[in-house]
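Enquirer: Handing you this structure, nothing more for now.
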Amino acid sequence: MYSVKVELSFSAAHNLREYKGKCESLHGHNWKIEVLACAGQLDKAGMLLDFKHLRSQLSEVLAELDHTYLNELEYFKQVNPTSENLAKYIYDRLKKNVTELKAVTVWENSTSCATYEE
């Protein structure tokens, strides 16, 4: 199995609903997003997927999230904007154009992350 990974980041604010603690208040993160794609075979050029394509697809999704208050986005009005739910949101958006997608990891700081994969 071959895999490739790209990382990009964005900044956004959120607050967690149904949470008792500091994160219930409005706060922000410089989120780091890792996207992992996997396949058993390479293309004719010897690549699983062009990094440029993967990075471009991720950039489009993150452009919609960058410098926003996540709770105000339509999806997160119903879904709590936790790192876990953010990973699934990004995964679902990417899956449409990245068939080799394996997992999305969302880092909210250098020591804490959540991953979504199917």
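Enquirer: I'd like the residue in the stretch 45-55 that is closer than 13 Å to L101 by Cβ and out of contact with any Phe, Trp or Tyr (no Cβ under 6 Å at 6 or more places or on another chain) and, out of all such residues, is surrounded by the fewest Cβ atoms within 10 Å (Cβ to Cβ).
Expert: Residues of the stretch 45-55 that are closer than 13 Å to L101 by Cβ, as a first pass: 48-49, 53-54.
Among the residues that remain, those that are also out of contact with any Phe, Trp or Tyr (no Cβ under 6 Å at 6 or more places or on another chain) are: 49, 53-54.
Details: L49: 21, H53: 14, L54: 23.
Here the residue is H53.
Enquirer: Need the failing condition index for Y69 against (1) free of Cβ contacts under 8 Å to residues at least 12 places away in the same chain; (2) within 16 Å of F10 (Cβ to Cβ); (3) surrounded by fewer than 16 Cβ atoms within 10 Å (Cβ to Cβ), just the number.
Expert: For Y69, the exception is condition (1).
Enquirer: Give the number of residues within the stretch 7-22 that are surrounded by 14 or more Cβ atoms within 10 Å (Cβ to Cβ) and either within 18 Å of K88 (Cβ to Cβ) or at pLDDT below 95 (or both).
Expert: Filtering the stretch 7-22 down to residues surrounded by 14 or more Cβ atoms within 10 Å (Cβ to Cβ) leaves 8, 10, 12-16.
So of that shortlist, the ones also either within 18 Å of K88 (Cβ to Cβ) or at pLDDT below 95 (or both) come out as 8, 10, 12, 14, 16.
Selection size over the stretch 7-22: 5.
Enquirer: Among the residues in the stretch 88-111, are any within 24 Å of Y19 (Cβ to Cβ), under 15 Å from the mean Cα position of the chain (by Cα) and among the polar types (S, T, N, Q)?
Expert: At the first step, the residues of the stretch 88-111 found to be within 24 Å of Y19 (Cβ to Cβ) are 88-92, 104-111.
In the following step, the residues that additionally are under 15 Å from the mean Cα position of the chain (by Cα) were identified as 88-92, 104-109.
Restricting the remaining residues to those that are among the polar types (S, T, N, Q) gives 105, 109.
Yes - at least one qualifying residue is present in the stretch 88-111.
Enquirer: Pick from the stretch 84-112 the residues that are touching a residue at least 40 places away in the same chain (Cβ under 8 Å) and either in contact with a Gly (Cβ under 8 Å, 6 or more places away or on another chain) or not aliphatic (A, V, I, L, M) (or both): which of them is surrounded by the fewest Cβ atoms within 10 Å (Cβ to Cβ)?
Expert: By that ranking, first place goes to N109.
Enquirer: How many residues, within the stretch 1-21, are touching a Ser or Thr at 6+ places or on another chain (Cβ under 8 Å) and farther than 11 Å from L70 by Cβ? Don't jump to the end; show me each part of the working.
Expert: Looking only at the stretch 1-21, we keep the residues that are touching a Ser or Thr at 6+ places or on another chain (Cβ under 8 Å), and these are 8, 12-13, 15-16.
Add one more test, that the residue is farther than 11 Å from L70 by Cβ, and what stays is 8.
Residues flagged as touching a Ser or Thr at 6+ places or on another chain (Cβ under 8 Å) and farther than 11 Å from L70 by Cβ within the stretch 1-21 amount to 1.
Enquirer: So which of L42, L58 ends up being without any contact (Cβ under 8 Å) to a residue 60 or more places away in the chain, touching a Leu at 6+ places or on another chain (Cβ under 8 Å) and either closer than 18 Å to N85 by Cβ or surrounded by 13 or more Cβ atoms within 10 Å (Cβ to Cβ) (or both)?
Expert: The match here is L58.
The values are calculated or read from the model by the stated rules, or taken from the named source; none is laboratory data. Being a predicted model, the structure only gives us computed values, none of them experimental. Every residue, glycine among them, receives a Cβ derived from its backbone with ideal geometry; neighbour counts consider all protein chains shown.
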